[in-house]
1. If you filter segment 89-126 for trypsin sites (Lys or Arg not before Pro), then keep DSSP loop positions with at most 13 other Cβ within 10 Å, what is left?
2. State, in angstrom, two size descriptors of segment 115-221 derived from its alpha carbons: Rg to one decimal place and Dmax to the nearest whole number.
3. Explain nothing, just compute: Karplus ³J(HN,Hα) = 6.51 cos²θ - 1.76 cosθ + 1.60, θ = phi - 60°, for every residue of segment 172-180 in order, whole Hz, x for Gly and Pro.
4. Return the long-range amide H neighbours of residue 177 (sequence gap of 5 or more, or a different chain), with a cut-off of under 5 Å between placed amide H atoms.
5. Around residue 52, with a cut-off of 11 angstrom between Cβ atoms, what is the net charge of the other residues, counting Lys and Arg +1 and Asp and Glu -1?
6. Once phi is turned into ³J(HN,Hα) by the Karplus curve 6.51 cos²θ - 1.76 cosθ + 1.60 with θ = phi - 60°, what whole-Hz value does each residue of segment 250-262 show in order, with x for glycine and proline?
7. Within straight cross-link reach of residue 210, meaning Cα distance under 17 Å, which aspartates and glutamates are found once same-chain residues fewer than 8 apart are removed?
8. Short version: ³J(HN,Hα) in whole Hz for each residue of segment 208-213, in order, from phi by Karplus 6.51 cos²θ - 1.76 cosθ + 1.60 (θ = phi - 60°), x for Gly and Pro, what are they?
Amino acid sequence: MILNFKNIMKYSWLLVIGFSLLAFGCQKVINIDLNSASPAIVIIGNINDQPGPYTVTLSQTANFSDPNTFPSISGAFVTIADNAGDKDTLAEVSPGKYHTKKIQGVIGRTYYLSVTANGQTYTSSSTMPQLVPFDTIRIVRFDLFKDTNIYARVGFQDPAAGNNYYRFIETRNDTLSPAIFVVDDQYSSGLYISYPLRSDTALAYGDSVKVEMQCIDKGTYQYLQTFYEASGSATNVTPSNPISTISNNALGYFSAHTSRYRSIKVPNK
C-alpha cells in the first residue's frame with residue numbers, strides 16, 4: 001500500500017503522519033463533522049530502538065473549509081513510561097513539540113503515552129516488535145514506451161512465526177518523501193519479501209536515496225491502512241474515518257518501533 005500525503009492534507013481532521021497503536025480495548029472509529037467540527041487534538045508520537053530524544057507533537061484540527069493551518073498546543077503535561085518501571089516527563093522544546101529526556105526504546109517493551117492538555121487526558125500504548133533485519137536496497141529502472149520510471153526496491157526475510165507489519169520511509173536528496181509505504185505478511189509469512197517503493201514521483205538520475213525500515217505493531221499498521229482508505233486514494237474501497245487507538249476521541253498515533261536504515265545512489269544516465 002502507498003499513502004501519499006499530498007493527496008490528503010486537505011482533510012484537516014485526519015492530520016496524522018504515520019503510525020498508531022492497538023490500545024487495550026480502546027479501538028474505535030471516530031466520526032467527525034468535517035464542516036463544523038469542534039477542534040480535536042492531534043497527537044503524533046514515536047519511540048524507537050535508536051538513541052533518543054523521541055518526539056511527541058500536539059496540535060488541533062481546523063474545519064474542513066479552513067486553510068491548512070493546525071495550531072500547536074503548548075503547556076501540556078506529557079509522559080512516556082514503559083513496563084520496566086522507567087518513566088520520563090517530556091520537555092516542550094518549541095510550541096507543541098515535546099522531547100524525552102532519558103527514556104530509551106528497547107525491543108520487546110511496551111510503552112505508555114499520557115498527554116494532559118486543555119483539561120483533558122489522553123492515553124495510548126504500543127509494544128515494540130522484534131527486529132527484522134533490513135537486508136537489501138537496490139534501484140530499479142522500468143521503461144514504458146518513452147517514459148522511464150526509477151524507484152527503489154527493498155528486500156528482507158520475513159519471520160515464519162507470528163504476524164509482522166512493516167513501514168518504509170524514503171528520503172530523497174535530504175528531503176523526506178511525502179509517500180508512506182506499509183506492508184504486512186498476510187500472504188508472505190516466512191518468505192523473502194521484495195517490496196517496491198513506487199509513488200507518484202519517480203526517482204531521477206543522480207538522486208541520493210535513504211530508506212528507513214520500521215517494524216511496527218498491528219495497531220500502527222491498521223491505523224495507516226484505514227487512514228489510506230479514508231483519504232479516498234484506495235480503489236474499490238468506500239472512504240470512512242480511520243480507526244483511532246488513542247483514548248478520549250483524540251486523533252493521531254503513538255508508535256513504538258524498530259528503525260534500520262539503508263542508502264543508495266541512483267546511477268547517472
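1. 101, 102
2. 17.0, 60
3. Per residue, the Karplus-derived 3J(HN,Hα) values read 10, 6, 6, 10, 5, 6, x, 7, 10 Hz.
4. 170, 171, 172
5. With Lys, Arg at +1 and Asp, Glu at -1, the neighbours total 0.
6. 6, 9, x, 8, 9, 10, 9, 8, 7, 9, 9, 10, 9
7. 135, 170, 174
8. 9, 10, 10, 10, 9, 9
The values are calculated or read from the model by the stated rules, or taken from the named source; none is laboratory data. Just so we're clear, the structure is a prediction, and the values are computed from it rather than from any experiment. Cβ sites come from the backbone with ideal geometry, for glycine too, and all protein chains shown count toward neighbours. Surface areas here come from the heavy atoms of the whole protein model, side chains and all, with no ligands, DNA or RNA. Shrake-Rupley method; radii C 1.70, N 1.55, O 1.52, S 1.80 Å.
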